[in-house]
Amino acid sequence: MERPNVNAMALLLLLLLAAAVFAALPTPSHGWGVDGHLMVCQIAQGRLSDAAAKAVDDLLPSDAAGNLSSLCSWADKVRFRYHWSEPLHFIDTPDNLCTYDYDRDCKDEEGVKGRCVAGAINNYTSQLLTYAPSSSSSSPSSSSSSGQYNLTEALLFLSHFIGDVHQPLHVGFSSDRGGNTIDVHWYRRKTELHHVWDVNIIETAEKDYYDQGTAEFVDALTKNITGDWSGKVQGWEECGKNLTACPDIYATEGITAACDWAYKNVTEDSTLSDDYFDSRLPIVNLRLAQGGVRLAATLNRIFDQTKTK
């Protein structure tokens, strides 16, 4: 899972090429859709400590202008190039057990341990802990590499994967690949259950409640974070055991939500409409908010540690 170092110009060219190629391809079901990942990162960016905000700005390519959310779907866009990253976006668990266990479940199809979204979060967190703040403000991105690690890529992968692990069907059942092989109708449109949770619920909410705009959706989630959910936020942020990242907590929540909400009362060719949308939207809202809060908390823990090095 360790990546070789590349220079900043090569990475920038890769980002631009990936965006151009991906824009020309059909949209796949990968994690939250573009809007979901955008919202997770926008929520997180507003909660960064000074040290974390400075480090994020230092590590992002210059054309991103300190805007992490503009690249939060990068990890999906480079899957055609980085084939090794495919299993890092999800976790398959045994059918119908509705439990998650790292030692049992965090592996790829060939049985290689640690190759799942939880393992990836741990890996890229460890890489980012090698970050050292740049000594010269005239040299942006001078800390984008550390030894054998590309820390810009590590930041983009970590930000994306924390979003992924909060999408309930990214910790789904093995046989249906997290709902990807369950055909359903979202109202009148044929799709897959996984895509409903990646994209359709969010898009329908934007259309019905937020004038099809993510900015208004983010604003509503942010108000809930500081309002109705404010008493829970500290608990969301905590890892316990002095850990910097705690994806096992998020994955356990994910499979519980998958069983209780995503899979519940859904069979092949089910038509999912108002009843499903109205009852599942609060779960999507909660997981988007938790993802944003926890991404910020993780980055704050990482970069508040590295600033003292």
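The values are calculated or read from the model by the stated rules, or taken from the named source; none is laboratory data. Keep in mind that what you see is a predicted model, and the values were worked out from it rather than measured. As a convention, Cβ positions derive from the backbone with ideal geometry for all residues, glycine included, and neighbour counts pool all protein chains shown.
Say whether the condition of being modelled with pLDDT under 95, of a type outside the set (Lys, Arg) and under 26 Å from LEU288 (Cβ atoms) is met by at least one residue in the stretch 1-18. Full working, then the answer.
Applying the first criterion (modelled with pLDDT under 95) to the stretch 1-18 yields 1-18.
Applying the additional criterion that residues be of a type outside the set (Lys, Arg) yields 1-2, 4-18.
Remaining after also requiring under 26 Å from LEU288 (Cβ atoms): 15, 18.
Yes.
Among the residues in the stretch 171-191, are any surrounded by fewer than 22 Cβ atoms within 10 Å (Cβ to Cβ), closer than 22 Å to ILE91 by Cβ and not polar (S, T, N, Q)? Scanning the stretch 171-191, I find at least one residue that is surrounded by fewer than 22 Cβ atoms within 10 Å (Cβ to Cβ), closer than 22 Å to ILE91 by Cβ and not polar (S, T, N, Q), so the answer is yes. When we screen ALA296, ALA251, ALA289 for residues that are among the small types (Gly, Ala, Ser), at pLDDT 95 or above, within 19 Å of the chain's Cα centre (by Cα) and more than 20 Å from SER69 (Cα to Cα), the only hit is ALA251.
Given the criterion without any contact (Cβ under 8 Å) to a residue 24 or more places away in the chain, under 20 Å from the mean Cα position of the chain (by Cα) and within 30 Å of ASP105 (Cα to Cα), identify the matching residue among ASN242, ASN200.
On the way: ASN242 fails: under 20 Å from the mean Cα position of the chain (by Cα).
Within the list ASN242, ASN200, the selection yields ASN200.
Let me confirm something: among THR93, THR152, which residue is over 28 Å from GLU253 (Cα atoms) and buried (at least 19 other Cβ atoms within 10 Å of the Cβ)?
Numbers: THR93 fails: over 28 Å from GLU253 (Cα atoms).
Checking each option against the conditions leaves just THR152.
Give the stretch 220-236 a look and list any residue that's assigned to a helix (DSSP H, G or I) and either within 21 Å of ASP278 (Cβ to Cβ) or touching a Ser or Thr at 6+ places or on another chain (Cβ under 9 Å) (or both), or say none. Scanning the stretch 220-236 gives ALA220, LEU221, LYS223, ASN224, VAL233. Taking ARG115 as the residue in question, decide whether it is in contact with a Cys (Cβ under 9 Å, 6 or more places away or on another chain), in a loop (DSSP other than H, G, I, E, B) and either at pLDDT below 95 or within 25 Å of THR256 (Cα to Cα) (or both). The answer is yes for ARG115.
Residue-by-condition table, conditions (1) over 28 Å from ARG177 (Cα atoms); (2) of a type in the set (Lys, Arg); (3) free of Cβ contacts under 8 Å to residues at least 12 places away in the same chain:
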{"residue": "LYS54", "(1), (2), (3)": "yes, yes, no"}
{"residue": "LEU71", "(1), (2), (3)": "no, no, no"}
{"residue": "ARG79", "(1), (2), (3)": "no, yes, no"}
{"residue": "PRO87", "(1), (2), (3)": "no, no, no"}
{"residue": "TYR100", "(1), (2), (3)": "no, no, no"}
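Check the stretch 83-100 and report whether any residue there is among the small types (Gly, Ala, Ser) and outside any helix (DSSP H, G or I). Looking through the stretch 83-100, none of the residues is among the small types (Gly, Ala, Ser) and outside any helix (DSSP H, G or I). Pairs linking a residue in the stretch 112-134 that is within 9 Å of LEU88 (Cβ to Cβ) to a residue that is acidic (Asp, Glu) and surrounded by fewer than 17 Cβ atoms within 10 Å (Cβ to Cβ), with Cβ atoms under 7 Å and 6 or more positions apart or on different chains, are ARG115/ASP108. Taking the criterion of being over 28 Å from GLU237 (Cβ atoms), of a type outside the set (Lys, Arg) and in a helix (DSSP H, G or I), the residues of the stretch 48-82 that qualify are SER62, ASP63. Among the residues making up the stretch 216-245, a single one is small (Gly, Ala, Ser), within 19 Å of LEU281 (Cα to Cα) and surrounded by 12 or more Cβ atoms within 10 Å (Cβ to Cβ): ALA220.
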